[in-house]
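Below is one structure, written out as C-alpha cells, with a few remarks after it.
The values are calculated or read from the model by the stated rules, or taken from the named source; none is laboratory data. These figures come from a predicted structure and were not determined experimentally. Here Cβ is always computed from backbone atoms with ideal geometry, including for glycine, and neighbour counts include all displayed protein chains. With ligands, DNA and RNA removed, areas are computed over all heavy atoms of the protein, side chains included. Shrake-Rupley method; radii C 1.70, N 1.55, O 1.52, S 1.80 Å.
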Amino acid sequence: MDKQKQPEHNSPKIGSNQIRLLHRLCNACAVSGDETEVRKIVLDQIRPHADEIKIDAMGNVLATCLGGVENGKELAAKKNLRVMVAAHMDEIGFMITHNDGDGLFRFDIVGGIDERQLPGKPVWIGRDHIPGVIGTKPIHLTTSEERNRSIPLDKLRIDIGTAGSSEIKVGDRAVFATPFSRLGLSLRAKALDDRFGVATLIELVKNAPANIDLLAAFTVQEEVGLRGARVAAYSLDPDIAIAVDSTPALDLPSWEEADGAPIKNTRYNTRLDAGPAIYVADGATLSDPRLIQHLIQVAETEKIPYQIRQPGGGGTDAGAIHRARGGIPSVSVSVPGRYAHTAAGIARISDWQYTLSLLFLALQSLPADILVQSR
Ligand SMILES: [Zn+2]
C-alpha cells in the first residue's frame with residue numbers, strides 16, 4: 001500500500017502477507033469444475049478462524065463464523081442477521097478435449113474468452129501446471145488475408161513440445177500461464193477475477209464481525225453460469241447476501257476513436273483508483289436498495305472512495321443467490337480491474353484495500369433491522 005493512501009479506518013489492512021496470499025491464489029489453476037487448488041489454499045487459511053466449515057456436494061466451501069461471542073462470553077441471546085458473503089474460486093480457462101499425439105492437444109474454452117486472444121499464448125495444463133503454448137503460424141508464413149481474420153478454435157492446438165504427454169488427459173483444465181507480479185501500486189495477474197474476492201473473503205473470515213453470523217461461501221462454477229452459488233445459497237439460507245467479485249474497468253481515456261480523433265469514454269463500466277464498485281443493476285441482478293444505501297452511507301461516513309458500477313450486462317454470484325428459496329436481498333461489490341478474462345489483468349492495490357475496508361465496516365455496522373426498513 002502507498003503510505004499516503006493507507007486508510008485510517010479500523011479495518012483489516014492489505015500488507016505483504018495479504019499480497020503474498022493473493023499471489024498464491026492467482027498462480028493457482030482452478031478452471032470451473034476443478035477448483036481443488038484454490039479450495040486447498042482457502043481451507044488452510046480459514047480453518048483456525050471459522051466455527052464450522054463444510055465442503056458441499058459441488059465443491060463449494062461454506063464457512064460459518066457465528067457472531068454474538070466476545071472474549072469467550074456469549075452476548076445477550078439474540079438472533080444475529082445471517083449474512084452470506086460469496087466469492088467464486090473458479091476462473092476462465094480451457095479444457096483438453098482430444099489428444100492428437102506428438103504433444104498436441106485440441107481444447108475448448110471454459111467461461112467467457114474471446115477467441116482472438118488465444119494464438120501464441122503460453123498456458124499451464126492440469127494440476128501439475130505442465131507448460132505449453134497455443135501454437136500459431138509465425139507472421140513470416142501468413143498471408144495478409146489470414147492476418148485479417150481470427151483463427152477458429154478448432155484450428156488451434158495446445159503444444160507441449162514433447163510426445164511424453166501421458167499425464168495429460170481429456171478433461172484436464174488449462175489456464176493462461178501468467179505469473180503474478182507487483183508493479184508499483186498495481187498488480188498484474190491472471191484470475192484477479194475472482195481471486196480478489198477469495199482473498200477478501202478470507203480476510204473477512206479472519207476478522208469476522210461479532211454483530212452478524214458471517215456465512216462465507218467460496219463458490220465453484222461461477223464462470224459457467226453461477227452454478228455453485230445457487231446451491232450454496234439454498235443450503236446456507238441467509239437473510240441477505242453480498243457477492244464480492246472483480247469487474248472490468250474499461251477506463252482508458254481514449255479507448256474509442258471517431259474519425260481518428262479520441263472521443264470521450266462514457267462506457268467505462270468502472271475506473272481504477274475510484275475505489276470499490278457498488279452494483280445497482282447488472283444483467284443478472286437488481287440490487288436491493290437498502291443494501292446499496294447502507295454501503296454508500298458507510299463509504300461516505302468513513303471517507304472510503306467508492307464508485308457505482310455503470311448499470312449494464314454481466315453478472316455475479318448475486319444473480320443466482322437473490323433468486324434462491326423465497327428470495328434473498330443481495331448486492332455486489334467488486335474490485336475494478338482492467339483486461340478481465342484475458343491472459344493478464346491490471347488492478348490497483350488501493351482499490352482492493354478500499355473494497356476490503358468498505359465490506360468490513362459495512363458488515364460491522366449492519367443494522368439488525370435493515371430488512372424491516374422501508375424500501
Ligand atoms: Zn468474477
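Ordering 201, 253, 272 by Cα displacement along the dipole of the stretch 189-285 toward the positive end leaves 201 in first place; charges were set at the Cβ atoms of Lys, Arg (+1) and Asp, Glu (-1).
Ranking of 194, 259, 128 by solvent-accessible surface, largest first: 259, 128, 194 (1.4 Å probe, protein heavy atoms only, all chains present).
Using alpha carbon centroids, what distance separates the stretch 176-192 and the stretch 347-375, in Å? Distance between centres, Cα-based: 26 Å. Whole-Hz Karplus values for the stretch 324-335 come out as 7, 6, x, x, 10, x, 9, 8, 10, 9, 10, 7 Hz, taken residue by residue from phi with 6.51 cos²θ - 1.76 cosθ + 1.60 and θ = phi - 60°; glycine and proline positions read x.
With one equal scatterer per alpha carbon and no solvent term, the Debye-computed log10 I(q)/I(0) for the stretch 216-334 at 0.11, 0.14, 0.15, 0.22 1/Å reads -0.41, -0.63, -0.70, -1.20. Between beta-carbons, use under 10 Å as the cut-off and find the net charge around residue 64, counting Lys and Arg +1, Asp and Glu -1. Net local charge, residue 64 excluded: -1. Taken along its principal axes, the alpha carbon cloud of the stretch 181-286 reaches lengths of 55, 33, 27 Å, longest axis first. Think of each Lys and Arg Cβ as +1 and each Asp and Glu Cβ as -1; about the Cα centre, that makes the dipole of the chain roughly 440 debye. For the chain, the residue among 226, 362, 150 whose Cα projects farthest onto the positive side of the dipole built from Cβ charges is 362.
When the chain is treated as a Gaussian network with alpha carbon springs shorter than 10 Å, the biggest mean-square fluctuation among 216, 163, 30 belongs to 163.
Over the C-alpha trace of the stretch 114-250, radius of gyration and Dmax come out as 20.1, 65 angstrom. Each listed q (0.11, 0.13, 0.14, 0.23 Å⁻¹) maps to a log10 I(q)/I(0) for the stretch 280-375, found by the Debye formula over equal Cα scatterers with no solvent: -0.36, -0.51, -0.59, -1.36. Rounded to the nearest 20 debye, the dipole size of the stretch 118-184 about its Cα centre is 180 debye, using +1 on the Cβ of Lys and Arg and -1 on the Cβ of Asp and Glu.
What is the stretch 79-177 by shape, rounded, prolate or oblate, if you read a ≥ b ≥ c off the alpha carbon gyration tensor as root eigenvalues and call it rounded for a/c under 1.5, prolate for a/b larger than b/c, and oblate otherwise? Taking the square roots of the gyration eigenvalues as a ≥ b ≥ c, the stretch 79-177 is oblate. A cut-off under 10 angstrom between Cβ atoms defines the neighbours of residue 332, and their net charge, with Lys, Arg +1 and Asp, Glu -1, is -2. In the assembled protein chains, residue 325 presents an accessible area of approximately 120 Å² (probe radius 1.4 Å). Derived scalar couplings between HN and Hα for the stretch 287-296 equal 5, 5, x, 5, 6, 4, 4, 5, 4, 5 Hz in order, rounded to whole Hz, by the Karplus curve 6.51 cos²θ - 1.76 cosθ + 1.60 (θ = phi - 60°), x for Gly and Pro. The residues of the chain have, on average, 45 Å² of accessible surface per residue, using a 1.4 Å probe with all protein chains present. What is the percent carbon and sulfur in the accessible area of the stretch 41-164, measuring with a 1.4 Å probe over the protein chains and ignoring ligands? Accessible surface attributable to carbon and sulfur in the stretch 41-164 totals 51 percent. Excluding same-chain neighbours fewer than eight residues apart, the aspartates and glutamates reachable from residue 137 by a Cα-Cα span under 16 Å are 115, 145, 146, 154, 159. Coordinate range of the alpha-carbon atoms in the chain per principal axis, descending: 74, 53, 42 Å. With 19 Å as the limit on Cα-Cα distance, the pairs of 121/155; 13/40; 13/206; 13/54; 54/206 that go past it are 13/40; 13/54.
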